[in-house]
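Accompanying notes for the structure given below.
The values are calculated or read from the model by the stated rules, or taken from the named source; none is laboratory data. Please read all numbers here as calculations on a predicted model, not as lab measurements. FYI the Cβ positions are ideal-geometry reconstructions off the backbone, even for glycines, and counts take in every protein chain you see. In case anyone asks, the SASA skips ligands and DNA or RNA and just uses the protein heavy atoms, side chains included. Shrake-Rupley method; radii C 1.70, N 1.55, O 1.52, S 1.80 Å.
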Amino acid sequence: MPLKVIPFNPKLIDFVAKVEGISLGEPLAVKSVEAIFNALDRFAVLVFPNQVLTDEQHIRFSRYFGDLELATGDYMKQDDRRLQMELNDISNLDRKGGKIEAADVKRLFSLGNMLWHSDSSFKAIPAQYSILSAKIIPTTEGDTEFADMRAAWKALDEKTQQKCLGQVTLHSQLYSRGELGFTEFREDQQEAMVPVRQALVRSHPRTKKISLYLSAHAGMIEGWTIPEARIFLKRLSEHATQREFVYRHKWRVNDLVIWDNQATMHRAMGFDNKQVRDMRRTTIAGNISSLKDMPS
Ligand code: OGA
Ligand code: MN
């Protein structure tokens, strides 16, 4: 069956599409991988319904798109992990499969996903794509929102665009977790939290389309005072996450969603911790710094 790419929402015609006619658990032909890459160039979010995948199949499928990041950004120490290092554990379950308590620091740390962000923007070479598979979903809530940062860039007035061009931001989980009130971090966490430099505006390495590159991890702009930088970033983020640029995904079990972190932000909407939500994510590592993709 040929791959069918169906725009999801007529209002966001070039942002989200549903993909049918492919079974991601099977080894893929080069042609199919190319078709998915091409779809991602146009739609920055792709939804593949009904993909029943083992973790191994999820990982094998992900590797067609590049090297995988290891999940080092969450609160877990190595030996607390429920899943293998290639999988980010986006669940409220502990290593033994029991539910994590609402007040558990691991859960509180994971609430950072509820701030608008781009995955791994706190890494010097940030992520390209994220691939999230829904295993168990709550009966209500637990949606994820995505914002189109290409559309947000295009809609900025020229004066603000000029103000953004050439700016270098500093990203760290210190800033995003700081926003949630975290002030103390283990030594291994601190090492992973040294701020990294990112472009505020980037052109996509494949399509050359220009995007704002924002994230809750961004806390400073080089050469600016901190309050001025924070206000400016907040304003940009408010602009970029207006309803017209946002798609809200209501998950169904076995949905697999791929998004392009180079052109989007996303956030979890939250759910009642009495329920179980088990989602697993692979992340395709980048190969160049966003600073190399600054438009001139
Ligand atoms: C992620 C993420 C949002 C959600 O997996 O990177 O931010 O709704 N998830 O779980
Ligand atoms: Mn995320």
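Find the all-direction average of the projected area of the Cα convex hull for the stretch 143-182, expressing the result in square nanometres with one decimal place.
Values: hull surface 18.1 nm².
Reported value for the Cα convex hull: 4.5 nm².
Normalising by residue count, the stretch 4-293 has a Cα convex hull of 125 Å³ per residue.
Short-range pairs are left out: with C-alpha atoms under 8 Å and at least six residues apart, the relative contact order of the stretch 66-167 is 15 percent.
Suppose every K and R has +1 on its Cβ and every D and E has -1 on its Cβ; what is the size of the dipole of the chain about the Cα centre, in Debye to the nearest 20?
Details: 41 positive and 38 negative charges, 117 e Å.
The calculation lands at about 560 debye.
If you look at the Cα atoms of the stretch 169-250, you get an Rg and a Dmax of 14.5, 41 Å.
Bridgeable lysines around Lys106 (alpha carbons under 26 Å apart, same-chain partners fewer than 8 residues away excluded): Lys77, Lys96, Lys123, Lys135, Lys250, Lys274. Note that the stretch 247-263 has calculated 3J(HN,Hα) couplings of 10, 10, 9, 8, 6, 10, 4, 6, 5, 10, 10, 10, 10, 9, 5, 7, 9 Hz, one per residue in order, obtained from phi through the Karplus relation 6.51 cos²θ - 1.76 cosθ + 1.60 (θ = phi - 60°); glycine and proline are x. Accessible surface for the chain, divided over its residues, is 47 Å² per residue with a 1.4 Å probe. Taking the protein heavy atoms of the stretch 4-293 in the context of the full set of protein chains, the accessible area attributed to carbon and sulfur is 52 percent at 1.4 Å.
Under the definition of Cα pairs under 8 Å and six or more residues apart, what whole-number percent is the relative contact order of the chain?
The normalised contact order for the chain reaches 32 percent.
Mind checking which of Leu236, Ser176, Gln198 is farthest towards the positive end of the stretch 170-264's charge dipole, using Cβ charges of +1 (Lys, Arg) and -1 (Asp, Glu) about the Cα centre? Comparing the listed Cα positions along the dipole, Leu236 ranks first.
At q = 0.10, 0.24 Å⁻¹, what log₁₀ I(q)/I(0) does a Debye calculation on the Cα points of the stretch 198-296 give, no solvent, two decimals? For the requested q values the scattering log ratios are -0.37, -1.40. Which percent of Cα pairs goes in each bin when the distances of the stretch 73-207 are cut into 10 angstrom slices starting at zero? Histogramming the stretch 73-207 at 10 Å steps yields 9, 34, 35, 17, 5, 0 percent.
Counted by Cβ distance under 14 Å from Ala17, the other residues give a net charge of -2, where Lys and Arg count +1 and Asp and Glu count -1. The distance separating the Cα centre of the stretch 28-75 from that of the stretch 83-127 comes to 19 Å.
Counting Lys and Arg as +1 and Asp and Glu as -1 over every other residue whose Cβ lies under 10 Å from the Cβ of Ile284, the net charge comes to -3.
Which whole-number value in Å³ per residue fits the convex hull of the alpha carbons of the stretch 10-84? All intermediate terms of the calculation are to be shown ahead of the outcome.
Details: hull volume 9.8 nm³, N = 75.
Dividing the Cα hull volume of the stretch 10-84 by its residues yields 131 Å³.
Computed packing ranks the peptides 242-248, 5-11 as 242-248, 5-11, most packed first, by mean other Cβ atoms within 10 Å.
Ordered from longest to shortest, the equivalent ellipsoid semi-axes for the stretch 110-158 are 25, 17, 11 Å, each the square root of 5 times a Cα gyration tensor eigenvalue.
Amide H contacts of Lys18 (H built 1.01 Å from N, in plane; Pro and chain starts excluded): Ile6, Phe8, Val47 sit under 5 Å, all sequence-distant by 5 or more or on other chains.
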